[in-house]
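The values are calculated or read from the model by the stated rules, or taken from the named source; none is laboratory data. These figures come from a predicted structure and were not determined experimentally. Note that each Cβ is placed from the backbone with ideal geometry, even for glycine, and that neighbours are counted across all protein chains shown.
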Amino acid sequence: MQTTLAPADPAGLEADRWIQVGSSTKQQTELAVQEALAPVLGRGEPKLTIIFCSPAFNLAEVSRLVQAAVGAGEVIGCSTAGELLRDQPLSGGLLIWALGGDGFAVTTGVGIGSPETGLRDAAHDAAQCLKRLERKQHTLLFVLADGLCGDQMEVVRGAYEVSGAGVPLMGGCAGDDMALQGTQQIHSGEILSHAVVAAAITSNAPMAIGIAHGWEPLSEAMLVTQSRGTTLETLDDRPALDVYLDTYDAPAEVRNNPAAFFDFAHTRPIGVARRNRTEIRYVYGADYEKRSLTIFAEVPQGGMAYLMQGSSTSVLNATSEVCSLAEEALGGQPAKGFMLLECVARKSLLSNAGLLEESLRLPTVRDEATIGGFYTYGEIARTEGSGGLHNQTVVALALA
Amino acid sequence: MSTAPWSLHLLSEVLAAFTVQSPTALRDVVSRVAEAVDAEIMGIVRQGEFVLFVGLEDQEKALLEAAAAERTPMLTLSGGCLHLYWAPLNQGESMVVGRFREEYSLEERALLRAMARSIQLSTQVLAAVKAEQEALRAEKQAKELAIREATVDSLTGLPNRRCLLAYLADRLAHRASRPGELGLLFIDLDRFKNINDVYGHGTGDAYLQAIGVALGQFRNEDIFLGRLAGDEFVVVAAMAEMDKLCRLAEQILKRIEQPWSINGRTLQYSASIGLALAEPGDGPEDLLDKADLAMYSIKQKGPGRYACYQPFMREQARSKADLEAEIRHGLRTDEFTTFFQPIISAAHSGVVAFEGLARWRHPQRGLLDPIGFIGVAEEAGLLRDLDARILKDGCFCLAGWSSVQQGFSPRLSINLSAASLVDSALVERVAAVLDESGFDGHNLLLEVTETSLVSDVERAQRNIIELKRLGVRLAVDDFGTGYSSLRYLRQFPVGMLKIDRSFVSGLGHDHDDEVIVETIIRMASSLGIQVVAEGVETADQQSILSQLGCDFLQGYLLGRPGNGHASEQVFERSEIRLLQLDRDAF
């Protein structure tokens, strides 16, 4: 787990910033938008509105209605694999997360990629919004990417080329309620796919990121001997699938049934070794002929990797501690609100254990702080180094 | 559980970063090395400038560049203290990595230093690979462009003639032996030249592009199409039955005939389509030729139609080609001559004028009326020569009669084709003939059809105004059968209307014709335009026309066309009066 520390905010500026979340599970689009927007519009005109929306909705209609309601403010968003509030996970719902007040300024950007070329250039293009931003003391780049388009690590690389080390990077990969067919992104009323949308947020108060996952190595470190893009071919020169199945002592069904493998792999990720941390990679498929594994993001060739293990308890603890980690990094200032992005695979694990609601109780977070986010196909959080793509992790953005 | 030593990981992953060989490898390598060594920044600097870099925005990157010469181990930036390690490469190059919070340990520095030379060699190799790939890509693109230019029509983006013929050859070579499984539609836009002439070539090109897009909508795995040349498009369809081919032709005609908005104008034109099915032994040119013949055959019957190829069409085409050659020969050897038909004053029953009419003394077939050759002459672009011939004959002949019949200067009316009317040399030619023959331009009327007036209004108007300066006036021939627009009667200085014979023939027994003729006469009278009724063949018709106030009459009842000598004899017949008109009459 990592946090970024930010200097203390000058006193007396709390009043000029607000963060508000609204949500709805109504099925009728207009009513859902109305309900989700009500608390946001009650606070004033937002500088940035982020739509997290189930693909069950017509995103174009949602986007049009939200854009019309918020006036000149920037609007981005994406489809999800579930939305989350404090105490309450949503399924098939709509969540609107917004910030406003003179203490914030926002610019947004968009870039379009393709399954053939990936999202690196798209992320690079989207991140250009940073260059149009008149910066205050604290700046952050928030990105939402198509979670089913190429290697998600490329999103971090493309965005980092623009943001560099001076600007923390945070965001998530859009979902589609686990249909794994295609995700959508929203930018200024446009509905896109194979895209990256970004918001450059600057504030006169600190913003900080917390990262937690709760997974521990099960295996010894292994050398990634062959890996390309999202395909992990060999570990220690053995077929990656065989290493995976043998290490976890997978039952027979998992060894020849893709659906059974998919469920099995939910709770058995791969860890990529970094100097002082381990980044998690979600295994979501197996090629039984080539004996390789399909990963949501690259496991770099030449690096060290572990097969990971975790329990519902360790995963639960990660969720409950991540907001505290982020808030602690605000330099003593209280968080006005949080953006919480959690991997959809963790949602499955916690649901199966009946712990999903409990995971969102977050007793360490003050009642006044708003919390909203979504279940993702990948989490982006760069606070140190130049990487920052995570799977089966929960990341929180705290805003003072 | 033991964890892997960091140094081992660093060494392994950094070196592995160079095994990537994608075209963007250098960009990848920088990112991968930075990630592998857990650095915020990574770059390769050559003579004070970064050739590869990631990790800082422009302003702070410039600070780092400034520090490159001294290889400073630490730089204070907005994010804090950046710890740097500079590993020397060769020839003034260095690799730099940097991270906030923690210095590089001795072990890390030693490994980075040891790997520096490998990194340099790898980046050089990758740079060379990249350059080679780019050169290969450029070569490939140039080849693709050359192929595209050779096979694609640059205006419409459709396959061009060469590509079409190659496709046809391939399909014909590989088709099964049974006939008729491959059909071809030869599409020729009707009156396309008119668009170019009237609206300009830019509009014409835009129209062709629009038609190309429209035809493209018919393309599927069984239908291939391209632009052959000019306004000709070809559709190749994998269809075994002529019925299906006909349905396709009907759909295409319907699509083309829709109004098109081009450059702010609404254009609505049609097309003619010839259809042919491939037969055993047919090559690409054979199939094209058949469909072309069918198209040509149907176009003569009117616009917006299609026809299927029939063997007799070839014979027709050959006959037409022979006739065209004979016309050319006839023009060279003075086989064409002028006949004259008298025009009578309805009020005074005296001859006031003659219409000069073309005749062809064919060496084998004898004397031919224009109906037997005028259509082919027009298609072959020979009407200007023929018009010039009739004009010259007529002027010289009537000038001669005037000199013989003292005090009688009959008017001459001759037909002028649409091609002549817009010919830039027309005025000069008429002036020369008048000058050479001594015929007074005020006695000359040029008869044009309503259709030829509107084909290119601007050029026609220019010529007519210039002719008026020579005293030459304009008569509208076959009035009532074309556009019959009052607009051009106002737009052009029309001096005479000639009522078409089809209306005159109905006088005395067809009430509608009488109403039409009466209306034309009244309308002309109110506009100050004189009227000639053509095709007067009975005394009844003559009487009715006189009663309706028609000015002049022409027809077999009053005199058949004859050659110059025969017409001259008119003057000697006692029952014929020669009537000298005032200058402005007729």
Exercise. Do you know which of the residues in segment A:231-260 that are more than 14 Å from chain B (Cβ to nearest Cβ) and under 23 Å from residue A:115 (Cβ atoms) is surrounded by the most Cβ atoms within 10 Å (Cβ to Cβ)?
Worked result: A:240
Exercise. Can you find even one residue in segment A:204-218 that is among the small types (Gly, Ala, Ser), in contact with a helix residue (DSSP H, G or I) (Cβ under 9 Å, 6 or more places away or on another chain) and free of Cβ contacts under 8 Å to residues at least 24 places away in the same chain?
Worked result: no
For this session: Could you list all residues from segment A:169-183 that are surrounded by 24 or more Cβ atoms within 10 Å (Cβ to Cβ) and not in a strand (DSSP E or B)?
Result: A:175, A:183
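Let's see how each residue does on (1) more than 24 Å from residue B:15 (Cα to Cα); (2) surrounded by 22 or more Cβ atoms within 10 Å (Cβ to Cβ); (3) not assigned by TED's automatic domain parsing to the domain that holds residue B:16:
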residue	(1), (2), (3)
B:39	no, yes, no
B:42	no, yes, no
B:47	yes, no, no
B:54	no, yes, no
B:57	yes, no, no
B:60	yes, no, no
B:67	yes, no, no
B:86	no, no, no
B:102	no, no, no
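Select from segment B:41-51 the residues that are part of a strand (DSSP E or B), more than 9 Å from chain A (Cβ to nearest Cβ) and not β-branched (Val, Ile, Thr) and list them in ascending order.
As a first pass, look at segment B:41-51 and keep what is part of a strand (DSSP E or B): B:41-46, B:49-51.
The next check asks that each one be more than 9 Å from chain A (Cβ to nearest Cβ); those that pass are B:43-46, B:49-51.
B:43, B:46, B:49, B:50 - these are the residues of segment B:41-51 that are part of a strand (DSSP E or B), more than 9 Å from chain A (Cβ to nearest Cβ) and not β-branched (Val, Ile, Thr).
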Exercise. Quick check: anything in segment B:276-293 over 14 Å from residue B:211 (Cα atoms) and either outside the structural domain of residue B:172 (by TED's automatic domain parsing) or within 18 Å of the chain's Cα centre (by Cα) (or both)?
Worked result: yes
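To keep it simple, each residue is scored yes or no on (1) surrounded by fewer than 20 Cβ atoms within 10 Å (Cβ to Cβ); (2) over 38 Å from the mean Cα position of the chain (by Cα); (3) not in a loop (DSSP other than H, G, I, E, B).
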site: B:471; (1), (2), (3): yes, no, no
site: B:477; (1), (2), (3): no, no, yes
site: B:488; (1), (2), (3): yes, no, yes
site: B:507; (1), (2), (3): no, yes, no
site: B:514; (1), (2), (3): yes, yes, yes
site: B:520; (1), (2), (3): no, no, yes
For this session: Being on the phi > 0 side of the Ramachandran plot and among the small types (Gly, Ala, Ser) is the filter here, so list the residues in segment A:374-393 that pass it.
Result: A:378, A:385, A:388
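Looking only at segment A:358-375, which residues are hydrophobic (A, V, I, L, M, F, W, C) and part of a loop (DSSP other than H, G, I, E, B)?
Within segment A:358-375, A:360, A:362, A:365, A:369 meet the criteria.
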Exercise. For residue A:354, which of the numbered conditions (1) in contact (Cβ under 8 Å) with a residue 24 or more places away in the chain; (2) more than 14 Å from every other protein chain (Cβ to nearest Cβ); (3) closer than 23 Å to residue A:177 by Cα; (4) not charged (D, E, K, R) fails to hold?
Worked result: (1)
Problem set entry | Residue list for segment A:182-226, filter: over 21 Å from the mean Cα position of the chain (by Cα) and on the phi > 0 side of the Ramachandran plot | A:189
Seminar exercise, completed: In segment A:110-124, anything more than 14 Å from chain B (Cβ to nearest Cβ) and surrounded by fewer than 24 Cβ atoms within 10 Å (Cβ to Cβ) is listed as A:110, A:112, A:114, A:115
Seminar exercise, completed: If we keep only residues of segment B:1-38 that are more than 28 Å from residue A:217 (Cα to Cα) and modelled with pLDDT under 70, then the residue farthest from the other protein chains (Cβ to nearest Cβ) is B:25
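May I ask you to say which residue of A:186, A:201 is crowded, with 18+ Cβ neighbours inside 10 Å, farther than 27 Å from residue B:56 by Cβ and assigned by TED's automatic domain parsing to the domain that holds residue A:52? Give the steps one after another, and end with the answer.
Details: A:201 fails: farther than 27 Å from residue B:56 by Cβ.
Unique residue meeting the criteria: A:186.
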For this session: Report yes if some residue within segment A:202-212 is assigned to a loop (DSSP other than H, G, I, E, B), modelled with pLDDT of 95 or more and within 14 Å of another protein chain (Cβ to nearest Cβ); otherwise report no.
Result: yes
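Tell me the residue from A:327, A:357 that is closer than 14 Å to residue A:210 by Cα, among the acidic types (Asp, Glu) and either in the same structural domain as residue A:82 (by TED's automatic domain parsing) or at pLDDT 90 or above (or both), please.
Values: A:357 fails: closer than 14 Å to residue A:210 by Cα.
Among A:327, A:357, only A:327 is closer than 14 Å to residue A:210 by Cα, among the acidic types (Asp, Glu) and either in the same structural domain as residue A:82 (by TED's automatic domain parsing) or at pLDDT 90 or above (or both).
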For this session: Kindly list the number of the only condition in (1) in a loop (DSSP other than H, G, I, E, B); (2) more than 14 Å from chain A (Cβ to nearest Cβ); (3) not hydrophobic (A, V, I, L, M, F, W, C) that fails for residue B:104.
Result: (2)
Problem set entry | Conditions (1) of a type in the set (Lys, Arg); (2) within 12 Å of chain B (Cβ to nearest Cβ); (3) over 21 Å from residue A:378 (Cα atoms); number of the one not met by residue A:228 | (3)
Problem set entry | Scan of segment A:222-266 for residues that are part of a helix (DSSP H, G or I) and among the polar types (S, T, N, Q), ordered by number | A:247
For this session: Hey, could you check segment A:376-392 for residues that are polar (S, T, N, Q) and in a loop (DSSP other than H, G, I, E, B) and say which is nearest to the other protein chains (Cβ to nearest Cβ)?
Result: A:386
Exercise. If you go through segment B:52-96, how many residues are more than 12 Å from chain A (Cβ to nearest Cβ), of a type in the set (Gly, Ala, Ser) and at negative phi?
Worked result: 7
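For a quick check of your reading: which helices (runs of 4 or more DSSP H) sit entirely within segment B:346-463 and have at least 1 residues that are among the acidic types (Asp, Glu) and touching a residue at least 60 places away in the same chain (Cβ under 8 Å)?
B:383-404
From the list B:305, B:255, B:314, exactly one residue is within 24 Å of the chain's Cα centre (by Cα), within 20 Å of residue B:379 (Cβ to Cβ) and surrounded by 14 or more Cβ atoms within 10 Å (Cβ to Cβ). Which is it?
Answer to the selection: B:305.
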Exercise. Conditions: (1) modelled with pLDDT of 90 or more; (2) more than 14 Å from chain B (Cβ to nearest Cβ). Residue A:309 meets all but one. Number of the miss?
Worked result: (2)
Problem set entry | Some residue of segment B:541-556 being in contact with a Phe, Trp or Tyr (Cβ under 8 Å, 6 or more places away or on another chain) and farther than 22 Å from residue B:354 by Cα | no
